[in-house]
1. So residue 92 passes all but one of these: (1) more than 16 Å from the ligand (Cβ to nearest atom); (2) free of Cβ contacts under 8 Å to residues at least 60 places away in the same chain; (3) not in a loop (DSSP other than H, G, I, E, B). Which condition number does it fail?
2. Mind checking which pairs have a first residue in region 108-119 that is farther than 15 Å from residue 165 by Cα and a second that is at pLDDT 95 or above and surrounded by fewer than 15 Cβ atoms within 10 Å (Cβ to Cβ), Cβ under 7 Å, 6 or more apart or different chains?
3. Kindly evaluate residue 144 against the criterion of being touching a residue at least 12 places away in the same chain (Cβ under 8 Å), under 22 Å from residue 277 (Cβ atoms) and touching a helix residue (DSSP H, G or I) at 6+ places or on another chain (Cβ under 6 Å).
4. For the structure I just gave you, tell me whether residue 219 is within 25 Å of residue 23 (Cβ to Cβ), modelled with pLDDT of 95 or more and within 14 Å of the ligand (Cβ to nearest atom).
5. Out of (1) farther than 30 Å from residue 294 by Cβ; (2) crowded, with 17+ Cβ neighbours inside 10 Å; (3) away from the ligand (no atom under 16 Å from the Cβ); (4) more than 18 Å from the chain's Cα centre (by Cα), what's the single condition that is false for residue 101?
6. Restricting attention to region 26-44, which residues are closer than 20 Å to residue 198 by Cα and surrounded by fewer than 19 Cβ atoms within 10 Å (Cβ to Cβ)?
7. From 148, 205, which residue is within 17 Å of the chain's Cα centre (by Cα) and more than 24 Å from residue 6 (Cα to Cα)?
8. Please pick out the residue among 203, 165, 210, 194 that is within 14 Å of the ligand (Cβ to nearest atom), modelled with pLDDT of 95 or more, assigned to a strand (DSSP E or B) and surrounded by 17 or more Cβ atoms within 10 Å (Cβ to Cβ).
Ligand SMILES: *Cc1c(COP(=O)(O)O)cnc(C)c1O
């Protein structure tokens, strides 16, 4: 099976397993896991923030960030189909008690969009907008990568409006490769930035938040509150460090995704969403097969993809699929999506 359902299906290789086996560990809740500490320091440096905090999942990173940066009842501005809204089983409402306002389209919004979506604080009726959240890359929009030039004016507007800023950078590594920008530049100006290791680079688990020492101290409390404080997590942190060292290879995934997109785009009835990185999302018009049919037809030919909506399919490239796998998969998906 050529598995393009998600980049989370990647597996640790022998080198990563060796790094995990050799990792020095300790009790991370006493701050005594050398591998976690080293990863956190590396990340703070890499992302250009004062401090970083290990978390077991990206969903928890998003939830902790919302708790740190908002109060219950607050309004958070996001792009359409953001992960926090669609993929976290209502966690943001349950854990932080926030509501979302959607701005922009296709994974992005502008400073003007942000201004239009923002409600004032201290109003008798309106919910106070206190946070802007950027997802980079944006998953459901199709792996859309925000450039630093797109982020900067939005964050300047946020500052002017008195909003905090959060980056869900589960795939910030992909955004850095796609835009040719260092991660620190894409992470600049946010109060908190999340990154994940469990996507296309083979690590079994792990995410992190980076920000000021003060915000990370507050995040530490909510990590414990949400049940995410771990003990000898260094075994996982070692896998994360190993993954990080190999992130340059993500450009191969992007090239493979471009192959998929270029093969699918000309198929009648298919429209491929804008894509910059390792995710290809395509919509199927009413005249042709629906997403479930495409998934089923592709599976019968040895290609696994996900139905994202009744007429929307997602394919994701990663460490576990080669260029020739993706060329073959592109032909299968094109045939499955036709008529
Ligand atoms: C995968 C992902 C997350 C976190 O997911 P987990 O499965 O909880 O690690 C968060 N945001 C985005 C955009 C993602 O794609």
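The values are calculated or read from the model by the stated rules, or taken from the named source; none is laboratory data. Everything quoted here is computed from the prediction, not taken from an experiment. In this analysis, Cβ positions are derived from the backbone assuming ideal geometry, glycine residues included, and neighbour counts consider all displayed protein chains.
1. Unmet for residue 92, out of (1) more than 16 Å from the ligand (Cβ to nearest atom); (2) free of Cβ contacts under 8 Å to residues at least 60 places away in the same chain; (3) not in a loop (DSSP other than H, G, I, E, B): (1).
2. 119/126
3. Spelling it out, it is not the case that residue 144 is touching a residue at least 12 places away in the same chain (Cβ under 8 Å), under 22 Å from residue 277 (Cβ atoms) and touching a helix residue (DSSP H, G or I) at 6+ places or on another chain (Cβ under 6 Å).
4. No.
5. (2)
6. 37, 38, 41, 42
7. 148
8. That would be 194, the only listed residue that is within 14 Å of the ligand (Cβ to nearest atom), modelled with pLDDT of 95 or more, assigned to a strand (DSSP E or B) and surrounded by 17 or more Cβ atoms within 10 Å (Cβ to Cβ).
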